[in-house]
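Here the structure is laid out as structure tokens; the discussion comes afterwards.
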Amino acid sequence: MHDGARVEITPEILLKAYAAGIFPMAEDATDPTLYWVEPRARGVLPLDGYRIARRLARTVRSDVFEVRTDTDFDAVISGCAAPRRDSERTWINGRIRELYGALFDQGHAHTVEVYAEGQLVGGLYGVSLGAAFFGESMFHTVRDASKVALVHLMARLKACGYRLADTQFVTDHLAQFGAEELPRHVYKRRLAEALTEQADWTAWPASVRGAEALAALGA
């Protein structure tokens, strides 16, 4: 549903929306307005039974990339907003940047960043609320960088007490890791359960080695 009433969306309203199972998007980067989305089927990744291909596990274990968290939110969201090969459009507009930047400053938004030779080559960001994490977007400029970010994210979520890993939708990319769609009523029940608990994103160090991440996932 579109934000037709022109109600000002604040970080506080945004968190309440996530708790109700909805999230905002923009038509494209040049559109200053936002609209609310509540999918009929919601994508989630399993914290138990998360699938990692052998080749990717070897890449993670080798630490060919350096993985950090929460050190450069602006660079990550800029990477996520950059044009993709399959589309020149992005739903991340200026208002999205402002809102999620404010959530980052409040400790409710987080990044996983992947570096090669000191350069940011991939990453993701999302929102943390209770024991639920809502993945927003990811990007990569080097092969496997976003996949490594996702493995490290899931390991952190599991190690830090999260109960729900929300992906909004299920893509072919996410399906290979075991993502599945939940009917809206099932998702909302899972969400309500996760919001009764409190995970701690910082229970793990800001940077962990690949072997530790794989061990947390039982891989």
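The values are calculated or read from the model by the stated rules, or taken from the named source; none is laboratory data. What you see is a predicted model; the values in this text were computed from it and never measured. Here Cβ is always computed from backbone atoms with ideal geometry, including for glycine, and neighbour counts include all displayed protein chains. To get the accessible areas, we keep the full protein, side chains included, count just its heavy atoms, and leave off ligands, DNA and RNA. Shrake-Rupley method; radii C 1.70, N 1.55, O 1.52, S 1.80 Å.
Details
- Looking across the stretch 142-176, the residues that are touching a Leu at 6+ places or on another chain (Cβ under 8 Å) and over 26 Å from Ala19 (Cβ atoms) come down to Asp144, Ser146, Lys147, Val148, Val151.
- Pairs are defined by a Cβ separation below 6 Å, a sequence spacing of at least 6 or placement on different chains, a first member in the stretch 164-191 that is at negative phi, and a second member that is open to solvent by 60 Å² or more (accessible area, probe 1.4 Å); the pairs so defined are Leu164/Arg190; Val170/Glu181; Phe177/Arg51; Arg184/Arg40.
- Among the residues of this structure, Glu8 does not count as one that is part of a loop (DSSP other than H, G, I, E, B), within 24 Å of Gly79 (Cα to Cα) and out of contact with any helix residue (DSSP H, G or I) (no Cβ under 9 Å at 6 or more places or on another chain).
- Search result, residues across the stretch 179-216 that are of a type in the set (Lys, Arg), in a loop (DSSP other than H, G, I, E, B) and within 19 Å of Val44 (Cα to Cα): none
- Screening Tyr162 against (1) modelled with pLDDT of 95 or more; (2) assigned to a loop (DSSP other than H, G, I, E, B); (3) open to solvent by 40 Å² or more (accessible area, probe 1.4 Å); (4) not small (Gly, Ala, Ser) leaves a single unmet condition, (3).
- Selection within the stretch 194-205 - open to solvent by less than 80 Å² (accessible area, probe 1.4 Å) and touching a residue at least 12 places away in the same chain (Cβ under 8 Å): Ala194, Leu195, Glu197, Ala199, Asp200, Trp201, Ala203, Trp204
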